[in-house]
1. Looking at (1) within 25 Å of Lys134 (Cα to Cα); (2) under 15 Å from the mean Cα position of the chain (by Cα), which is the only condition Arg11 fails?
2. Can you pull out the residues in segment 91-113 that are buried (at least 17 other Cβ atoms within 10 Å of the Cβ) and not in a helix (DSSP H, G or I)?
3. Quick check on this structure: which one of Lys124, Lys134 is more than 16 Å from Leu22 (Cα to Cα) and in contact (Cβ under 8 Å) with a residue 40 or more places away in the chain?
4. Taking the conditions exactly as written (within 18 Å of Leu107 (Cα to Cα) and touching an Asp or Glu at 6+ places or on another chain (Cβ under 8 Å)), does Leu72 satisfy them or not?
Amino acid sequence: MAEVLFYHLTRTPLERTLPELLEKSLQRGWRAMVKGGDADRLAFLDEKLWTYRDDSFLPHGTENGAMQPVFLTCGDEVPNAAEIVFLVDGAEMPPDSMSAFERVCLLFDGNDPAAVEAARGVWKVVTAAGLPAKYWAQEDGGWKQKAASG
């Protein structure tokens, strides 16, 4: 059963938060998928993942998905057998599809009222489906768990 983590971004933008979370996933030996809600924004993230830090290499791609440790897509396919999926920029996934992963992470911009409202809606759907969920918010330079369900 997937654990669903909600990341409420208030201090650090997605393009700086996502690489850190992806690095932690790869350190665990997991393959990852980033599902975006917008193709142009996903292309922007693809570029940022190559350049976010001089001393780091984060293997990823948008093609040849089966070969990618981190696969970026706007689609539903999971060609790299990812254990973790990151939903960004309004990407959606029904709870029954979430069950295929160890962990599902929904990252949303806390400065965007529509994104916050959408995340609240997803929380209700996920918890109603019986999936365990945790809500994390950026505070004092780190992450604080604010809520848990299941």
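Read-outs throughout are calculated quantities, based only on the coordinates presented, and are distinct from any laboratory measurement. Fair warning: this is a prediction, and the values are worked out from it, not measured in the lab. Positions of Cβ are backbone-derived with ideal geometry, glycine not excepted, and every protein chain shown enters the neighbour counts.
1. (2)
2. Keep residues of segment 91-113 that are buried (at least 17 other Cβ atoms within 10 Å of the Cβ), which gives 91, 93, 95, 98, 101, 103-109.
Ala91, Met93, Phe101, Arg103, Val104, Cys105, Leu106, Leu107, Phe108, Asp109, listed by residue number.
3. On the way: Lys124 fails: in contact (Cβ under 8 Å) with a residue 40 or more places away in the chain.
It is Lys134.
4. Details: within 18 Å of Leu107 (Cα to Cα): yes; touching an Asp or Glu at 6+ places or on another chain (Cβ under 8 Å): yes.
Yes.
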